[in-house]
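Below is one structure, written out as structure tokens; comments come after it.
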Amino acid sequence: HAIVCVTDEEGVRLWLDPAGGPMTFKDLPYNDQGMQALLLNLPAGELTTIPCGGPESHQVHRQCEGKLSEDCSYEFGTNVSTTGDTAMEFRLRYINRNEEYQSLTLERELASSLTGARIDAPLFHNLTDLSQPVTYSCKMTLDQWARKIEDIILFRVPWIGAMHTVALINVQKRNSALQAPWPIRFSDQHRIELPPGYHGYGLPYEQRFECEWGLYETSIYEEDSHLICHRQVDHLGGIVREEQYLDFKQYWEQCTRADALDVVLMKKPD
């Protein structure tokens, strides 16, 4: 396979793969990264290694702003930006489709991980512009997403790329190696208007877990009658050997429990 390597005026090499698919400019497919390459611009050539971009090269970043109602429904608008292989996969699936197909299929895709979600006005941006990340927006409603017990609401943040949706640790032990998820970063932010009279209990909340194959960070706090929720997950890829499986399993379970945390909201006495 042949790709292009360009050296700029400062001596920095930029790798491009014109045959790798509809990648955003300056992004390199994951299957090219870390590979040995023979540069052919010198008579004797030069053997080098294509640099690895890490999870920051393949990102899914979501910003949400919405409102939690006392009837436990959560309605919010969302804007999502994707880079690297994630952006390329969106282009491959949607770039040659008409707007009606894009809207309907994106709606199904977004609702598949949130049972009962209502998706309105799903729309791609920059789908054909290779100089920009692939972005999309929509409005989402989750009816009865929270649970109410008298004057207490238990609310679970609907994180993007939730860990429980990836079935990796469904056995207690393994007798073969496991491929960890390929490098990608999920970053998520929610700014949620709370129901009148309600406030968070036991906040701020922070968690951080780290292992050889991933990094997980989350924080939830209250600000001006709003719940501010941040989460970032870096999958680092790699192979989990048999003797390492329990360490990986412990990390994944910790992250899954943190994803499933119920935020306690209490109503202030009149």
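The values are calculated or read from the model by the stated rules, or taken from the named source; none is laboratory data. All figures in this text were calculated on a predicted structure; none of them were measured in a lab. With ideal geometry, Cβ positions are generated from the backbone for all residues, glycine too; neighbour counts draw on all protein chains shown. In case anyone asks, the SASA skips ligands and DNA or RNA and just uses the protein heavy atoms, side chains included. Shrake-Rupley method; radii C 1.70, N 1.55, O 1.52, S 1.80 Å.
Here are some notes:
- Selection status of ILE192, surrounded by 15 or more Cβ atoms within 10 Å (Cβ to Cβ), of a type outside the set (S, T, N, Q), touching a Leu at 6+ places or on another chain (Cβ under 7 Å) and within 26 Å of PHE76 (Cα to Cα): yes
- Here PRO51, PRO43 are screened, and the one residue that is part of a loop (DSSP other than H, G, I, E, B), more than 21 Å from the chain's Cα centre (by Cα), within 27 Å of LEU236 (Cα to Cα) and of a type outside the set (Ser, Thr, Tyr) is PRO51.
- Single residue of region 118-161 satisfying the filter (buried (at least 16 other Cβ atoms within 10 Å of the Cβ) and more than 21 Å from the chain's Cα centre (by Cα)) that is modelled with the highest pLDDT: ILE153
- So VAL233, is it of a type in the set (A, V, I, L, M), outside any helix (DSSP H, G or I) and under 17 Å from HIS164 (Cβ atoms): yes
- Remark: pairs (first residue in region 226-242, without any contact (Cβ under 8 Å) to a residue 60 or more places away in the chain and closer than 14 Å to TRP159 by Cα; second residue in a strand (DSSP E or B) and hydrophobic (A, V, I, L, M, F, W, C); Cβ separation under 9 Å; 6+ apart in sequence or on different chains) = ILE228/ILE192; ILE228/ILE220; HIS230/ILE220; GLN232/PHE186; GLN232/LEU215.
- Which listed residue is part of a strand (DSSP E or B) and either within 26 Å of ARG191 (Cα to Cα) or not aromatic (Phe, Trp, Tyr) (or both), from GLN244, GLN207: GLN207
- Exclusive hit being touching a helix residue (DSSP H, G or I) at 6+ places or on another chain (Cβ under 6 Å) and either open to solvent by less than 30 Å² (accessible area, probe 1.4 Å) or in contact (Cβ under 8 Å) with a residue 24 or more places away in the chain (or both), set GLY54, GLY21, GLY45, GLY77: GLY21
- Condition check for GLU89: loosely packed, with under 14 Cβ neighbours inside 10 Å, under 18 Å from the mean Cα position of the chain (by Cα) and closer than 16 Å to ARG185 by Cβ: no
- Condition broken by ALA258, with the remaining ones in (1) surrounded by 18 or more Cβ atoms within 10 Å (Cβ to Cβ); (2) of a type in the set (Gly, Ala, Ser); (3) part of a loop (DSSP other than H, G, I, E, B) satisfied: (3)
- Where a residue in region 139-153 is of a type in the set (Val, Ile, Thr) and its partner, wherever it lies, is open to solvent by 90 Å² or more (accessible area, probe 1.4 Å) and outside any strand (DSSP E or B), with Cβ under 9 Å and at least six apart: ILE152/TYR201
Quick grid of which residues meet (1) in a strand (DSSP E or B); (2) in contact with a strand residue (DSSP E or B) (Cβ under 6 Å, 6 or more places away or on another chain); (3) among the charged types (D, E, K, R):
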site: VAL80; (1), (2), (3): yes, yes, no
site: ASP85; (1), (2), (3): no, no, yes
site: MET88; (1), (2), (3): no, no, no
site: TYR101; (1), (2), (3): no, no, no
site: LEU106; (1), (2), (3): no, yes, no
site: LEU110; (1), (2), (3): no, yes, no
site: LEU130; (1), (2), (3): no, no, no
site: SER137; (1), (2), (3): yes, yes, no
site: GLN172; (1), (2), (3): no, no, no
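- Across region 159-194, the number of residues qualifying as closer than 21 Å to LEU227 by Cβ and either without any contact (Cβ under 8 Å) to a residue 60 or more places away in the chain or out of contact with any helix residue (DSSP H, G or I) (no Cβ under 8 Å at 6 or more places or on another chain) (or both) comes to 11.
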